[in-house]
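Student: Sharing a structure, written as structure tokens. Questions coming.
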Amino acid sequence: MADILTSVFRTFMSQTDVNKDVTVSPHSACSALLPGDSSVIRSVLLPGDSSVSSSVLLLGDSSISRSLLLLSAVMAASELGVRVVFFTQTQIQSLPVSLQKCVPSPESLKKIKFSYPRTLGDLLQQVAGLHESQNTSPTPPSLIIVDRLEGFLGGNHSEDQSSAAHLSALLCDTSSFLTQILKQRSPSYAPCRLIASFRSDVDSEHAGGESSATDPILDVLDRYFQMRCTLDRDRSYEAAAAGLKELWNVYLSATGITEDACTKEREDRPAAAPKEWQLSISPDGSMEFKMA
């Protein structure tokens, strides 16, 4: 399930779509985070069934993907009070514009731990370290984020495919392990979710966000991640008529893989029909979503 990303989309919905959606309250003067009652927010982001650790692979433009990852991290930390671990090779210089309009409290930002591994080896070591940190930390992270997997994996060589499998397996195993710890210590914060971004060298088709050619590394990642969130630039007439705004189609779909690597259980998971959103980005960088 892509519940955290979906909640980000709902948070930054256009005012027209907000008024149509009875599950989301209209934005207040300072509502850059989830509107509505906190108990409702918690039930959406952290549903009671914590038996499955959800994992989402975010595909597409690197800068937009990073903004969505940061929005997810800040939302989880500020609205739910859960701990977040954010792995990225490059320093975070600023928050997305959509968050700068209503800056979260410093206390909530302290719940986000940014780690800057330079190499694949560094990342593997730091992720593996989460297994050890639970011995000293009373509450493990409820969200693991990895920015730009391609920066750690390189090209399409066979060794990179092996590295992709190794890293994905470790991330999913860590998510499942921390879910079990959370269920024991803080059930309301379970499960531990996993979101990672990846930009494939293979372009995506405009219909449904499916890859038009085979990317061997992406094929490997799909074996481990339960969901895809694909960003696809909209170059239609409607997009051209939008003027200075960039329009992107956002597709949420199940990978259709029958082996759930995160929970190590086999199950028949029919590929769900893609859920579609549209993202508009203003010249100042602010984001607005609407249901397609």
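Student: Which of the residues that make up region 172-207 are under 17 Å from the mean Cα position of the chain (by Cα), farther than 20 Å from Lys111 by Cα, modelled with pLDDT of 90 or more and not basic (Lys, Arg)?
Tutor: Across region 172-207, the qualifying residues are Cys172, Ser176, Ser197, Phe198.
Student: Hey, another quick one. Quick one: would you say Arg235 is at pLDDT below 90, open to solvent by 20 Å² or more (accessible area, probe 1.4 Å), of a type in the set (Lys, Arg) and outside any helix (DSSP H, G or I)?
Tutor: Yes, satisfied.
Student: Of the residues in region 244-292, how many are out of contact with any helix residue (DSSP H, G or I) (no Cβ under 9 Å at 6 or more places or on another chain), modelled with pLDDT of 50 or more and surrounded by fewer than 14 Cβ atoms within 10 Å (Cβ to Cβ)?
Tutor: Selection size over region 244-292: 3.
The values are calculated or read from the model by the stated rules, or taken from the named source; none is laboratory data. What you see is a predicted model, and the numbers here were worked out from it, not measured in a lab. Cβ coordinates were reconstructed from backbone atoms using ideal geometry, including for glycine residues, and neighbour counts include every protein chain displayed. Only protein heavy atoms, including side chains, enter the accessible area calculation; ligands, DNA and RNA are left aside. Shrake-Rupley method; radii C 1.70, N 1.55, O 1.52, S 1.80 Å.
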